[in-house]
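Student: This is the structure I want to talk about, given as structure tokens.
None of the figures in this text is laboratory data; all of them are computed from the coordinates on show. Source: prediction; values computed, not measured. Positions of Cβ are backbone-derived with ideal geometry, glycine not excepted, and every protein chain shown enters the neighbour counts.
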Amino acid sequence: MRDGLALEVRGLRAGYGEAEVLRGVDLDAVPGTLTALVGANGAGKSTLLKCISGLVPATSGTIRLGGRSIAGLPPASIVRFGIAHIPEGRQIFGRLTVVDNLRLGTYSQYRQLTQQEITARIDEVCSIFPVLSARLAEQASLLSGGQQQMLAIARGLMARPRLLLLDEPSLGLAPSLVGEISGVLRGLRQAGVGLLLVEQNARLGLAIADYAYVLETGRVVMSGTGKDLLGDPEVINRYLGVAAARVDRTRDMEAAGLAARIRSVLRT
């Protein structure tokens, strides 16, 4: 990710028909940091990601990437400007092979890339997720839930994004796989990728976040560093429960090594 390509959201309003979901959201996400969105179901977290990626039109407000307005652009154009969206539920193409799913990650740039360049990108993302390299010819529906999540992230990385939007990446995964995915997110951050994360596991999201926003009924009601919000009594009572928050740091060394490989994938 190039320096200075920050995401700036100001006064964003959006919804579905007459139902307004976002009510004046302000948010920033900067290169090389992980920004988490925390809130109850229905708070507007997924809608916010969809607005940024162009899937849901904003009714008012601004969305800028590196100072350039991207509000109102079609999703394919937003991908070309450097934003990739990993949706909730993975949304892979189950009847297609793993390799064809990865090729679709280059769709917005397909005419500009040679087949050799696409193959090189596939090799690069498989170096981040080695489990995929042995299953490229298999139908994506045959992958486990964790492997499908890896495929969804790898498909997003095929576009070499400057900012990655992730919606519930740990949903439905076993604890061991949640740790593996969080290690990948740390590696992406260390490699300079900007991450905007919606995470149903609020404790995990805050534990790995540099900065976080709490949404309620379409508004930002709290913000601060992940560490500060993780220890805030109000956040604990409303979103985390009374158990002490713990940060899994066992994968930090793995993340540091992974970051070097990711930098080669996202080189510009």
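Student: When the Kirkwood hydrodynamic radius is evaluated over all pairs of different C-alpha atoms of segment 33-80, what value in angstrom, to one decimal, is obtained? Intermediate values should be presented prior to the final figure.
Tutor: Working: mean 1/r = 0.0851 Å⁻¹.
Result for segment 33-80 stands at 11.7 Å.
Student: Considering only A174, A29, A19, give the residue with the highest GNM mean-square fluctuation for the chain, with springs between Cα atoms whenever their separation is below 10 Å.
Tutor: A19
Student: If you don't mind, there's one more thing I want to ask. Net charge around G44, counting only other residues with Cβ within less than 9 Å of its Cβ (Lys, Arg = +1; Asp, Glu = -1)?
Tutor: Working: positive: R23, K45, R219; negative: E216.
Charge balance near G44 sits at +2.
Student: Express the relative contact order of the chain as a whole percentage, based on alpha carbon pairs under 8 Å and six or more residues apart in sequence. Please report the intermediate quantities before stating the final value.
Tutor: Numbers: 544 pairs, mean separation 70.7, N = 268.
About 26 percent, as a whole number.
Student: How much length, in nm to one decimal, is gained on full extension between A134 and L104, taken as 0.36 nm per residue of separation minus their Cα-Cα distance?
Tutor: Numbers: separation 30, 0.36 × 30 = 10.80 nm, distance 1.87 nm.
Gain on extension, A134 to L104, equals 8.9 nm.
Student: Report for the chain the percent antiparallel among DSSP-assigned beta bridges with both residues inside it, nearest 5.
Tutor: Numbers: 23 of 40 bridges.
Within the chain, antiparallel bridges account for around 60 percent of the total.
Student: Return the single residue from Q112, Q148, Q139 with maximal mean-square fluctuation; model: Gaussian network over the chain, springs between Cα atoms under 10 Å.
Tutor: Q112
Student: Work out Dmax and Rg for segment 56-127 from the C-alpha atoms and quote the Rg first, both in angstrom.
Tutor: According to the Cα coordinates of segment 56-127, Rg and Dmax are 14.7, 42 Å.
Student: Seen from all sides and averaged, what is the projected area of the convex hull of the Cα atoms in segment 66-219, in nm²? Don't jump to the answer; show the numbers that get you there.
Tutor: Working: hull surface 40.5 nm².
Mean projected area of the Cα convex hull: 10.1 nm².
Student: Once phi is turned into θ = phi - 60°, what whole-Hz ³J(HN,Hα) does the Karplus curve with 6.51, -1.76 and 1.60 give for every residue of segment 182-197, x standing for Gly and Pro?
Tutor: 5, x, 4, 4, 4, x, 4, 4, 5, 7, x, 7, x, 10, 10, 10
Student: Taking N as the number of residues in segment 1-132, what is its Cα Rg relative to 2.2 N^0.38 Å?
Tutor: On the way: Rg = 16.5 Å, N = 132, 2.2 N^0.38 = 14.1 Å.
Taking the Cα Rg and dividing by 2.2 N^0.38 Å, one obtains 1.18.
Student: Hey, what did segment 1-137 get for relative contact order, percent, Cα under 8 Å, at least 6 apart? Don't skip to the end; give the middle numbers.
Tutor: Details: 166 pairs, mean separation 27.8, N = 137.
So the answer I get is 20 percent.
Student: Still on this model: Modelled label-to-label distance, E117 and S141, 7 Å Cα→beta-carbon offset: nm?
Tutor: Computed distance between label sites E117 and S141 equals 3.4 nm.
Student: Out of L65, L73, L196, any idea which swings most in a Gaussian network model of the chain, alpha carbons joined below 10 Å?
Tutor: It is L73.
Student: To continue, here is another question. If one puts a single equal scatterer on every Cα of the chain and applies the Debye formula without solvent, what log₁₀ I(q)/I(0) results at q = 0.09, 0.11, 0.13 Å⁻¹?
Tutor: -0.38, -0.58, -0.82
Student: For segment 91-154, what is one quarter of the convex hull surface built on the Cα atoms, given in nm²? Can you show the working numbers first?
Tutor: On the way: hull surface 16.0 nm².
Averaged projected hull area, Cα only: 4.0 nm².
Student: State the three equivalent ellipsoid semi-axes of segment 122-207, derived from the C-alpha gyration tensor as the square roots of 5 times its eigenvalues, in descending order and whole Å. Please list the in-between numbers first.
Tutor: Details: eigenvalues 83, 54, 22 Å².
Over the Cα atoms of segment 122-207, the ellipsoid semi-axes are 20, 16, 10 Å.
Student: So, one more: Could you work out the relative contact order of segment 130-197? I mean the mean sequence separation of Cα pairs under 8 Å and 6+ apart, divided by the number of residues, in percent. Show your work: numbers first, answer last.
Tutor: Details: 39 pairs, mean separation 23.3, N = 68.
This gives 34 percent for segment 130-197.
Student: Considering the Cα positions of segment 161-227, please state its Rg to one decimal place and its Dmax as a whole number of Å.
Tutor: So, for segment 161-227, Rg and Dmax equal 12.1, 34 Å respectively.
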